[in-house]
Amino acid sequence: MTVLKEVEKNYGQLKLYINGEWVESESADIYDSVNPATGETIATFPSATEAEVQQAIESAQSALQTWKTVPLRDKARYLFDLRGKFEEHFDMLCRVLVQDHGRTMGEAVGTLRRCIENIESACSALLLLTKGDYINELARTIDQTLYMEPRGVFLIVTPNNIPMHAWSSYVPYAIASGCPVIVSPSKDDPVCLKAIFEVAAEVKGFPPGLMNLVYGGRNINNMILEHPHVKGVGFIGSTHVGLKLFEQAGRLGKEASINGNGKNHVVLMPDADFDSAVSGLLRGCYGMAGQRCLGADNILVIGDGYDRFKDAFVKASAEMKMGYGLDDTTELGPLVSERGRQNILDFIEKGINEGADLILDGRDPRVDRCEKGFFVGPTIFENVDADMYIAREESFGPVANLMKVADLDEAIDLINNKDDYGHSACIFTKSGTSARKFTKQVDVGNIGINVAVPQPYAFFPLGSKNASAQGCAKSRIDSMRLFLDQKTITERWV
């Protein structure tokens, strides 16, 4: 067993990052950032004042004018330098993420690799998607050109479950498009964003104000989005909050990319490799303590292999080691907050009250040296009816529902008709016919075949649908459509 060292035991009071400088806030509203594995405060942070928010917006607007004039090759070099800084500080960023969010070190390594892949993807997008188009002699003596231009300053809101990954799903693409940003992180894990901004600040060439960091939550977000300099918002979080931002953006005539909740299903066909399914579902159901938009909630088992799968899955789930993610033997970390933990306990209680059978109870785990942490162990229900609350709403915790279904048609019908979400659905099967039918008929945006977490690579969009996503663009490389506007020029010189 190796227990890695914390980067800092306590990071003190966090500063805002405005116009290329770390700024002491004058706010009297101060909050705690807590290590979810230990329950200890590791930082305090301010809710930015209105004047500080205005400063951030004005500095971003000034950077917009500067960044427009930077040659494309230089922009690409600075972005690639950012990639290098992430590699250089890779271990530090991973350990901060574990300490501030609660995930395991293995999960943190995966997250930082996704962040770097997004920066790489943004470098490619800068060279390929910003160049526009041209037609010579469109009509006699007339030529036409399409320019791609940055829309302007954007608000980027990062959630508590994927603070660093969400940053990378928008900010590198905004920079590639020429758009400065103001980043507003979740109150649950602000130290993660402070670490990212410290790394980004080492890149020589980014103008002051290109990236700004303010804390404060919904009131701050509303204030930023209302400002006329701010042209839109990129958001990952709950559907409830996302819809409010989407409505606000629509009222103001601004762009939005909104990623919300999901209720994801995994179908096990009779010919599935159950050993592979069990292994994948440990990650799919419990990875990041279940706090992931592509995580698995409902496991739909077809055929007479139900009991065999159930026994293997319950046994493997019960054997997962819980603890502090800086211990390299930890397999399952805590929820990111005490509020999140209580939400999961309430969710489990609803399932019991609805009549589902709790066959693995994770409500009162004993975690050595983490007695004050926000832990819930792997929890499994069976005899879950499709109309139950726990079958329709996302748990956002380490909870799995086992459900028997008669055939693939019933599984597809349940997925398509029992909730309004559309994040992901997966199928385990050896049958190409079944997989193709599933792919064609399931109404979700991300599909997995013999994988439990259908995570798109950085240069694919997160293809979520229905109540799981709103706006003009998906996140990751598709966010270039959020940040870029179009201008056509029609010319006659003869």
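Each value in this text was obtained by applying a stated rule to the coordinates, not by laboratory testing. Just so it is clear, the model here is predicted, and its values are computed rather than measured. Quick reminder, even Gly has a Cβ in these numbers, built from the backbone with ideal geometry, and neighbours come from all protein chains shown.
Which pairs break 21 Å Cα to Cα here: Lys187/Lys372; Lys350/Lys465; Lys187/Lys244; Lys321/Lys350; Lys254/Lys474? Please list the in-between numbers first.
Working: Lys187/Lys372 19 Å; Lys350/Lys465 27 Å; Lys187/Lys244 18 Å; Lys321/Lys350 26 Å; Lys254/Lys474 15 Å.
Result: Lys350/Lys465; Lys321/Lys350 exceed 21 Å.
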Q | In degrees, nearest ten, helix 274-286 long axis to first principal axis of the chain (Cα) | A | 60
Q: Fewest Cβ neighbours within 10 Å first, please rank His423, His227 accordingly.
A: His227, His423
Q) Can you give the helix-only mean residue ellipticity at 222 nm for the chain, where every DSSP H stretch with n ≥ 4 adds -39500 (n - 2.57) and the sum goes over all residues, rounded to the nearest 500 deg cm²/dmol? A) -12500 deg cm²/dmol
Q: Can you find, among Val96, Ser464, Ala200, the residue farthest towards the positive end of the dipole of the chain? Put +1 on the C-beta of Lys and Arg, -1 on that of Asp and Glu.
A: Ala200
Q: Find the centroid of the Cα atoms in the stretch 156-221 and in the stretch 263-318, then give the distance between the two in whole Å.
A: 35
Q.
Compute the helix-to-body angle for 338-354: its Cα long axis versus the longest principal axis of the chain, expressed 0 to 90° and rounded to tens.
A. 40
Q) How far is helix 50-68 tilted, in degrees, relative to the longest principal axis of the Cα atoms in the chain, given as a value from 0 to 90 rounded to the nearest 10? A) 60
(Q) Quick check on the chain: of the DSSP beta bridges with both residues there, what percent are antiparallel, nearest 5%? (A) 40
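Percent relative contact order of the chain, based on C-alpha pairs within less than 8 angstrom and at least six residues apart? Don't skip to the answer; put the middle values down first.
On the way: 1154 pairs, mean separation 99.2, N = 494.
Answer for the chain is 20 percent.
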**Q.** Centroid-to-centroid separation of the stretch 105-141 and the stretch 343-419 [C-alpha atoms, Å]
**A.** 39
Q.
Give the separation of the Cα centroids, the stretch 25-47 to the stretch 232-261, in Å.
A. 26
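Restricting to DSSP loop positions (anything but H, G, I, E, B) with no more than 14 other Cβ atoms inside 10 Å of their own Cβ, which chymotrypsin sites (Phe, Trp or Tyr not before Pro) remain in the stretch 411-487? Display every interim value, and only then the final one.
On the way: sites: Tyr421, Phe428, Phe438, Tyr457, Phe459, Phe483; in loops: Tyr421, Tyr457, Phe459.
Here the chymotrypsin sites (Phe, Trp or Tyr not before Pro) that fit, given the DSSP loop and packing criteria, are Tyr457.
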(Q) Which of rounded, prolate or oblate describes the stretch 265-457 when judged by the alpha-carbon gyration tensor and an a/c cut-off of 1.5? (A) prolate
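So how strong a dipole does the chain carry about its Cα centre when Lys and Arg Cβ are +1 and Asp and Glu Cβ are -1, to the nearest 20 debye?
Details: 51 positive and 66 negative charges, 283 e Å.
Its charge dipole is roughly 1360 debye.
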